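Notes follow once the structure below has been shown.
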Amino acid sequence: MIIGAGAAGLHCAGKAGQRGLKVLLIDHAAKLAEKIRISGGGRCNFTNLDTTPANFLSDNPHFCRSALARYTPQDFIALLHRHRIAWHEKHKAQLFCDDSSEQVIAMLVRECEIGHVERWQPCAARAVRAEADGFELDTDRGKVKTAQVVVATGGLSIPKIGATDFGYRLARQFGHHIVTTRPALVPLTFDPVTWEPYAALSGMSLAATIATGKGKSRGGFAEDLLFTHRGLSGPAVLQISSYWQVGEPVRIDLSPALDLHAALAQAKAASQRRLGNELAELIPRRLAEAWLAASPELAAKPMADQRDRDLADLADRLHRWELKPQGTEGYRKAEVTAGGVDTRELSSQTMESSLARGLFFIGEVVDVTGWLGGYNFQWAWASAAACAGALVASSASR
Ligand SMILES: Cc1cc2nc3c(=O)[nH]c(=O)nc-3n(C[C@H](O)[C@H](O)[C@H](O)COP(=O)(O)OP(=O)(O)OC[C@H]3O[C@@H](n4cnc5c(N)ncnc54)[C@H](O)[C@@H]3O)c2cc1C
């Protein structure tokens, strides 16, 4: 019995079914695999060729190693080839469908059909009880007895398309610890007063580097940054949001490719123009205007009359912009949920609970969170494959 017909649940069901297991897959959502459908802007960034354990956050960072090594991006690519699905590589080894994420859903459904998987949808799992020889589940379509239960209920992100906390509640019921959950891969927000000078930049995007942490930096990323009405988004910010903790600052270099100290010093020696005009040649004009809005005299003064220390200070602030987010846009906008079922109570080989034999957790419900760029789906496929192999082995040994 597999609860949750998302990426991990569908993949696990197909694999287990094709190896001879009788599989029932249930999902409470009216539509199948909505997260796959909306992923990657409708083209599903289904894996990343450069996947390594270093691309994942977890309280137990080595846990993901075994499953990722045994089911690689090449394995998923081979599956796409068998289904004649065309794909392309984008930025930073991210792979997307040429046409549509619907193709990935159709492929996973076909794999389930080949494995004679029975699917009940919509049908919610309401409760799970341990029995002497397995489990009994209450579902919307009645009671089900099963030897093995796979929990593939995903994270808390985007509740309006079916996310629930059922998997976490079930884990707790069986004695598991939950690493505190929080929205990740999510835009950051600032208090309206701090953000007022930058709100007009909404829609502007530029290349940046970003890190977080008090003292020692965590998670340095070089990606695009997007200004929004309420704060910051774009790949750089989504990436750092997974590492950001409440109360900590983020540090941003708004001009990573150009040394503004040197460029402004050179302009002082050579240019007749005003600082405002000169800066607008070095960084996007709207950013230069917003940045100098609080010091109009400085902006209007010709380069030759600028003090070295004012120019150095300006360059410093643009290279080391430090600001404290007030929060995030929350689960409503988060692509994933960080935290989850504590992996110290799961087998990294099989995803089986070490507290309840026959109970498995796969995909995003587990405390393994990938970076932006196809890593979360790769974790869903890999953890599902590890689990499917174990289901087959353990049912054969019974
Ligand atoms: C907008 C968006 C874009 C994304 N883009 C990408 C991307 O391009 N690349 C990438 O790698 N990752 C992406 N992700 C993340 C990725 O979608 C998830 O990490 C992945 O879907 C997790 O797979 P899962 O099977 O664990 O969970 P899910 O795919 O979320 O599936 C869980 C399923 O469980 C069901 N369920 C929950 N509770 C119950 C219950 N009680 N009874 C029955 N069913 C239940 C839900 O309805 C759902 O169908 C994106 C996420 C979002 C929100």
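The values are calculated or read from the model by the stated rules, or taken from the named source; none is laboratory data. As the structure is a computational prediction, the values presented were derived from the model and not from experiment. Cβ coordinates were reconstructed from backbone atoms using ideal geometry, including for glycine residues, and neighbour counts include every protein chain displayed.
Is it the case that Gly175 is away from the ligand (no atom under 13 Å from the Cβ), in contact (Cβ under 8 Å) with a residue 60 or more places away in the chain and surrounded by fewer than 22 Cβ atoms within 10 Å (Cβ to Cβ)?
Yes: the conditions hold for Gly175.
Of these, Glu281, Glu364, Glu297, which one is buried (at least 22 other Cβ atoms within 10 Å of the Cβ) and of a type outside the set (Val, Ile, Thr)?
Working: Glu281 fails: buried (at least 22 other Cβ atoms within 10 Å of the Cβ); Glu297 fails: buried (at least 22 other Cβ atoms within 10 Å of the Cβ).
On inspection, the qualifying residue turns out to be Glu364.
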(request) Select from the range 94-126 the residues that are touching an Asp or Glu at 6+ places or on another chain (Cβ under 6 Å) and closer than 14 Å to Gly4 by Cα and write down the one among them that is nearest to the ligand (Cβ to nearest atom). (result) Ala124
(request) Please determine, by comparing only the residues of the range 76-86 that are touching a strand residue (DSSP E or B) at 6+ places or on another chain (Cβ under 9 Å) and in contact (Cβ under 8 Å) with a residue 24 or more places away in the chain, which one is nearest to the ligand (Cβ to nearest atom). (result) Phe76
(request) Give the residue, chosen from Ala208, Ala263, that is modelled with pLDDT of 95 or more, in a helix (DSSP H, G or I) and more than 16 Å from the ligand (Cβ to nearest atom). (result) Ala263
(message) Being without any contact (Cβ under 8 Å) to a residue 24 or more places away in the chain, assigned by TED's automatic domain parsing to the domain that holds Gly9 and closer than 21 Å to Val365 by Cα is the requirement here; does Asp138 meet it?
(response) yes
(message) Looking at the range 195-210 only, could you name the residues that are surrounded by fewer than 19 Cβ atoms within 10 Å (Cβ to Cβ) and touching a Phe, Trp or Tyr at 6+ places or on another chain (Cβ under 6 Å)?
(response) Ser202, Met204
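When the residues of the range 21-34 are narrowed to those that are among the charged types (D, E, K, R) and surrounded by 15 or more Cβ atoms within 10 Å (Cβ to Cβ), which ends up farthest from the ligand (Cβ to nearest atom)? Step through it out loud before you land on a result.
Taking the range 21-34 first, the residues among the charged types (D, E, K, R) are 22, 27, 31, 34.
If we keep only those that are surrounded by 15 or more Cβ atoms within 10 Å (Cβ to Cβ) too, we end up with 27, 34.
Numbers: Asp27: 4, Glu34: 7 Å.
Looking at the filtered set, the residue picked out is Glu34.
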(request) Only residues that are near the ligand (Cβ under 8 Å from one of its atoms), under 17 Å from Ala93 (Cβ atoms) and touching a helix residue (DSSP H, G or I) at 6+ places or on another chain (Cβ under 6 Å): list them for the range 35-61, please. (result) Cys44, Phe46, Thr47, Asn48
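Considering only the range 201-218, state which residues are aliphatic (A, V, I, L, M) and in contact with a helix residue (DSSP H, G or I) (Cβ under 6 Å, 6 or more places away or on another chain). Can you show your working first?
First pass over the range 201-218, keeping only residues aliphatic (A, V, I, L, M): 201, 204, 206-208, 210-211.
Result: Leu201, Met204, Ala208, Ile210.
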(request) Could you please find all residues in the range 123-169 being surrounded by fewer than 15 Cβ atoms within 10 Å (Cβ to Cβ) and in a loop (DSSP other than H, G, I, E, B)? (result) Ala132, Asp133, Asp140, Arg141
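Can you tell me which residues in the range 229-249 are surrounded by fewer than 23 Cβ atoms within 10 Å (Cβ to Cβ) and closer than 22 Å to Gly373 by Cα?
Step one: list which residues in the range 229-249 are surrounded by fewer than 23 Cβ atoms within 10 Å (Cβ to Cβ), which gives 229-230, 233-235, 239, 243, 245-249.
Of everything in the range 229-249, those that are surrounded by fewer than 23 Cβ atoms within 10 Å (Cβ to Cβ) and closer than 22 Å to Gly373 by Cα turn out to be Ser233, Gly234, Pro235, Gln239, Tyr243, Gln245.
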(request) Give me a count of the residues in the range 141-172 that are farther than 18 Å from His28 by Cα and in contact (Cβ under 8 Å) with a residue 60 or more places away in the chain. (result) 4
(request) Quick one: which strands (runs of 3 or more DSSP E) lie wholly within the range 271-368 and hold at least 3 residues that are small (Gly, Ala, Ser) and not assigned by TED's automatic domain parsing to the domain that holds Phe227? (result) 336-341
(message) What's the number of the only condition in (1) away from the ligand (no atom under 11 Å from the Cβ); (2) in contact with a strand residue (DSSP E or B) (Cβ under 7 Å, 6 or more places away or on another chain); (3) in a helix (DSSP H, G or I); (4) in contact (Cβ under 8 Å) with a residue 60 or more places away in the chain that Ala386 fails to meet?
(response) (2)
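Scan the range 351-380 residue by residue and report those that are hydrophobic (A, V, I, L, M, F, W, C), more than 11 Å from the ligand (Cβ to nearest atom) and at negative phi. Spell out the reasoning first.
Within the range 351-380, the subset hydrophobic (A, V, I, L, M, F, W, C) is 351, 355-356, 359-362, 365-366, 368, 371-372, 377, 379-380.
With more than 11 Å from the ligand (Cβ to nearest atom) added as a condition, the list becomes 351, 355-356, 359-360.
Residues satisfying the conditions are Leu355, Ala356, Leu359, Phe360.
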(request) Take Gly339 and decide whether it is modelled with pLDDT of 95 or more, within 29 Å of Gly220 (Cβ to Cβ), within 16 Å of the ligand (Cβ to nearest atom) and crowded, with 18+ Cβ neighbours inside 10 Å. (result) yes
(request) Taking the residues in the range 246-260 that are part of a loop (DSSP other than H, G, I, E, B) and over 30 Å from Pro183 (Cβ atoms) as candidates, determine which candidate is nearest to the chain's Cα centre (by Cα). (result) Ala257
